[in-house]
Amino acid sequence: MKYLFFLFLIIPKAYAEQYHFASINYLIEQEVGRIVLPEIYNRLGIKVTISPLPGKRAQHEAQSGLKDGEVMRIYSYGTETPSTIRIPTPYYHLETMAFIRADSNIKINTIKDLKNYQIVKVRGVKHTNNITKGMTNVKDLDTTTQMLRLVSAGLADVALTNTVDGLVTLKQLKITNVRPLSKSLDRQSLYHYVHKSLQHLVPKVDQEIKKMKETGDLDALIRDAEQQVLKNSLGQITN
């Protein structure tokens with residue numbers, strides 16, 4: 001009985017702090033973050049839970065304090081969302097890639113060339129929002145699956161997403177007539193963001209990310225997470 005009482009006392013202290021973050025649903029890089037970020041916090045004795053949401057809703061909930069922050073976003077997110085604080089050290093990255101029909105004559109050498117084509121992208125995703133800013137030939141959709149199906153059917157010219165996200169979705173859908181460009185349009189680091197009320201977390205989390213980078217633990221964790229996400233993603237077909 002004394003042993004059980006002792007456990008009752010110490011178990012809650014194991015996770016004296018708990019936080020709830022948002023991620024963007026249906027994106028491969030965000031799924032990797034859903035595995036990596038909890039481990040970073042776990043090493044600090046902090047438990048986190050993560051809710052996948054549409055991009056705009058994730059930003060709203062992080063900005064308003066309904067969630068404690070977001071799993072990962074690009075650098076400019078911090079400027080656009082001043083009620084959040086960027087953890088200074090990035091822990092992942094993404095490439096902005098254009099996917100086109102393999103039999104098309106589309107030529108895209110620079111971002112400006114996108115203006116010549118009908119573009120589709122996932123709603124609320126910052127890196128594709130930024131790259132198409134000011135363009136009127138852009139349609140927002142809910143998922144990468146929807147985008148690539150439109151391109152495959154010839155109903156859109158170019159789908160913009162992270163390279164790995166697009167390649168995995170093509171395999172899921174068994175689409176063979178769509179391919180990425182030979183070179184990505186952009187490459188950006190990804191940062192964790194917390195609500196401004198949690199400023200005390202910033203130095204602790206930043207230091208842990210730096211430490212894990214130095215020891216190689218972060219690279220190993222990311223490799224394992226990528227393999228797990230790819231295995232899970234290729235084992236199912238997205239509707």
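We did not get these values from a lab; they are worked out from the coordinates using the rules stated. What you are looking at is a predicted structure, and each value in this text was computed from that prediction instead of being measured. Reconstructed Cβ throughout: ideal geometry from the backbone, glycine too, with neighbour counts over all protein chains shown.
Quick notes on this one:
- Label-to-label distance, nm, for residues given as Ser104 and Asn177 (7 Å Cα→Cβ offset): 1.3
- Measuring nothing but how far apart in sequence close Cα pairs (under 8 Å, 6+ apart) lie, relative to its length, segment 44-94 scores a relative contact order of 25 percent.
- As a rough footprinting exposure proxy, the listed residues Asp206, Asp103 were ranked by other beta carbons within 10 Å of their own, and the order from fewest upward is Asp103, Asp206.
- 3J(HN,Hα) couplings calculated from phi for segment 162-170 with the Karplus curve 6.51 cos²θ - 1.76 cosθ + 1.60 (θ = phi - 60°) are, in sequence order, 5, 3, 5, 4, x, 5, 5, 5, 4 Hz; Gly and Pro show x.
- DSSP-defined antiparallel bridges as percent of all bridges, segment 95-186, nearest 5: 55
- Proxy reagent accessibility, fewest Cβ within 10 Å first, across Glu70, Glu80: Glu80, Glu70
- Burial ordering of His200, His195, His60, fewest other beta-carbon atoms within 10 Å first: His200, His60, His195
- The string of couplings for segment 91-97 from the Karplus curve (6.51, -1.76, 1.60, θ = phi - 60°) is 10, 7, 8, 9, 10, 8, 10 Hz, one whole number per residue in order, with x for Gly and Pro.
- Candidate cross-link partners of Lys126 among the aspartates and glutamates, defined by an alpha-carbon separation under 18 Å and a same-chain spacing of 8 or more, comprise Glu29, Glu31, Glu61, Glu70, Glu80, Glu95, Asp140, Asp142, Asp165, Asp186.
- For segment 66-163, fraction of C-alpha pairs farther apart than 20 Å, in %: 42
- Over the C-alpha atoms of the chain, the Rg to Rh ratio, Rh being the Kirkwood estimate, stands at 1.03.
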